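Peer 1: Here it is: the structure, laid out below.
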Amino acid sequence: MQKKWWKEAVMYQVYPRSFKDSNGDGIGDLPGILEKVDHLVELGIDIVWLGPIYDSPNDDNGYDIRDYYKIHSEFGTMEDFDLLLKTLHFRGIKLIMDLVVNHTSDEHEWFMEARKSKDNPYRDYYHWTDEPNNYISYFGGSAWEQTEETGSYYLHLFTKKQPDLNWSNPKVRKEVYEIMKFWLDKGVDGFRMDVISLIAKPEVFKNSPSTDLKFLIENHYANGPGIHEYLQEMYREVLQFYDVMTVGEGPGITKAHALNYVSSDRNELNMIFQLDLMFMDFGPMGKFDYRPFTFQDFKRCWMEWDMAMKDNGWNNIFLDNHDFPRMVSRFGNDSLFRIESAKLLAMLLLTFRGTPCIYQGSEMGMTNVAFSSLDDYDDVEIHNFKREHIPGDRISEAEFLKIVHRQARDNARTPVQWDDSENAGFTEGEPWIKVNPNYKEVNLDTSREIFDFYKRLISFRKSYTDLVYADLEVYDVEHPQIFFYRRGIYFTILNMSDKVILKYRHGIDSGIVLMSTHNRKGFPQNNIDLNPWEGILIKN
Ligand code: TEU
Ligand code: CA
């Protein structure tokens, strides 16, 4: 197993719009992040993944980029960015940018030109057809949108304001490499690559036998022809000249495909965010088509994805981000055992194999939100899905609101809850999206126990780097509440349930307790009684 700095590092994701507002306009910004660098240093993280901060009309909150070389005025200036980057580096923290190059905004100059005529020099920067096939967008409706200028349709796997780039055009690839070099030459330490598994499209867009979103993603959208040639060319043209890290967001990358992207001898990506775990409760029509999953499914996904990487690949492991519900609500118990389950999930994230990515707010146990009206939600994914499915009375608005409470991306996008002051210390102004009403009970000050546990786990991980590379063995896979695994000489036992578990026979002959969510000290000889949401790390 090759040792690499990015395997030993702990990552932290900042969703800039909701992290910290410095100028009272209710929108998080770069100077706001600067104000919180001490927080990140105290936590002990090594890399910040900064969500898109480029100029954008915000149809998909910055994942629709209008100018890759310009900082969105809402977030500040290029000088603000340079100061943040320099400050993070000075404090020993690397910064990676969000590279969103599967699509641009429809207000990008390339698309503004391309749509004008069939012979425009930029036409082939995008995908056009006069006979749209049955592909659907992630966000509901057809994945093809007609333009009045020529009557042709362009492809958009996401919103219609996010036209997909045509990666088979070498000019497009060259433009992307220039963008990458611009940011790498400024000193950024790598990229998180948005839906990078979707960039290669078929020559001809034939109809799919099924329009279920999950089927389309795995069988038509992801792992398209040429994807590996493009990534290997990206490495040759750009990445090989910098000591940087890359993590690909990989919708549709299956365990069978994984090593083709991240095997060290492939010279493509360093690691991926696999989305099988996140998509586990998605029905055929995606996240709002909710299907419950079992605890065994959860454990098996972790095990199988570790096995898929073998000794050649590497996962960036996570339990939530800006696209999914808060982990303590989705995988823990955010009401009866919020503190305990937040600490337990931190122990899973920081003792399993892979580079952990902590999403902003997890360190204070932030939870899902339940706004009383759909009007309180911002996310285009919600409003598009509502338009597509409510009128047909497929589900009532009240039922849809209940599913939104469970599944919506806005659960993770409400402002970070720093303290119990007005707007949780996020802004002096009117926040762009309401603060979670539970901010007086749930904030950094009331959740110091969680923050301190994250701190201890991160510093533990730094001092025991043999844990980072140690192999994995999972025990008692069928147990309905316990996740029990060994990494080298370190044993983690997690009771991921509301149940008290008595006399659990762990079979560890001897050891010392290194970490415990419940401040347990002595080694539990032979068997152990576990509190609800109790986790323990034992060194053999
Ligand atoms: O997400 C794409 C993706 O695979 C899913 O997470 C998707 O966003 C959705 O949540 C599944 O229901 C990336 C970005 O993380 C997301 O914020 C963007 O909306 C999307 O790509 C388009 O850029
Ligand atoms: Ca602001």
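Each reported figure results from applying straightforward, stated rules to the coordinates on display, with no laboratory input. Since we're looking at a predicted model, the values are computed, not measured. Glycine also receives a Cβ, built like all others from the backbone with ideal geometry; neighbour counts cover every protein chain displayed.
Peer 1: For the chain, what value does the Rg/Rh ratio take when both radii are computed over Cα atoms and Rh is the Kirkwood radius, given to two decimals?
Peer 2: Dividing the radius of gyration by the Kirkwood radius yields 0.95.
Peer 1: While we're on this one: Setting aside same-chain residues fewer than 8 positions from K206, which aspartates and glutamates have a Cα under 14 Å from its Cα?
Peer 2: Candidates past the 8-residue exclusion: D130, E131.
Peer 1: Where does each of K86, K343 land when they are ranked from fewest to most other beta-carbon atoms within 10 angstrom?
Peer 2: Ascending number of Cβ neighbours within 10 Å: K86, K343.
Peer 1: With contacts defined as alpha carbon pairs under 8 Å and 6 or more residues apart, what's the relative contact order of the chain in percent?
Peer 2: 13
Peer 1: Just for the chain, what percent of DSSP beta bridges are antiparallel, to the closest 5?
Peer 2: Antiparallel: roughly 60 percent of the beta bridges in the chain.
Peer 1: May I ask you to order 233-241, 263-271 by the average number of other C-beta atoms within 10 Å around their residues, highest value first?
Peer 2: Those peptides, ordered most packed to least, come out 263-271, 233-241.
Peer 1: Rg to Rh ratio, region 170-314, alpha-carbon atoms and Kirkwood radius?
Peer 2: Rg/Rh: 1.00.
Peer 1: Enumerate the lysines that K386 could reach by cross-link, defined here as Cα to Cα under 23 Å, with residues fewer than 8 away along the same chain left out.
Peer 2: Within the straight-line limit of under 23 Å, K386 reaches these lysines: K160, K161, K214, K287, K402, K434.
Peer 1: To the nearest 10 degrees, how steeply does helix 448-463 sit against the main Cα axis of the chain, on a 0 to 90 scale?
Peer 2: 90
Peer 1: Oh, and also: May I ask you to derive the relative contact order of region 103-166, considering only C-alpha pairs under 8 Å and at least 6 residues apart, and to give it as an integer percent?
Peer 2: Result for region 103-166 is 36 percent.
Peer 1: As a footprinting exposure proxy, order R300, R17 by other Cβ within 10 Å, with the fewest listed first.
Peer 2: Going from least to most buried by this count: R300, R17.
Peer 1: Sorted from fewest to most neighbouring beta carbons within 10 Å, what does the list Y125, Y469 look like?
Peer 2: Y469, Y125
Peer 1: Can you give the relative contact order of region 1-160 as a percent, counting alpha carbon pairs under 8 Å and 6+ residues apart?
Peer 2: Reported as a whole number, the value is 16 percent.
Peer 1: Counting each DSSP H run of 4 or more residues in the chain as -39500 (n - 2.57), what helix-only mean residue ellipticity at 222 nm follows after dividing by all residues, to the nearest 500 deg cm²/dmol?
Peer 2: So the calculated ellipticity at 222 nm is -8000 deg cm²/dmol.
Peer 1: A follow-up question, please. I'd like the orientation of helix 227-237 relative to the chain: the angle between its Cα long axis and the longest Cα principal axis, in ° from 0 to 90, rounded to 10.
Peer 2: 90
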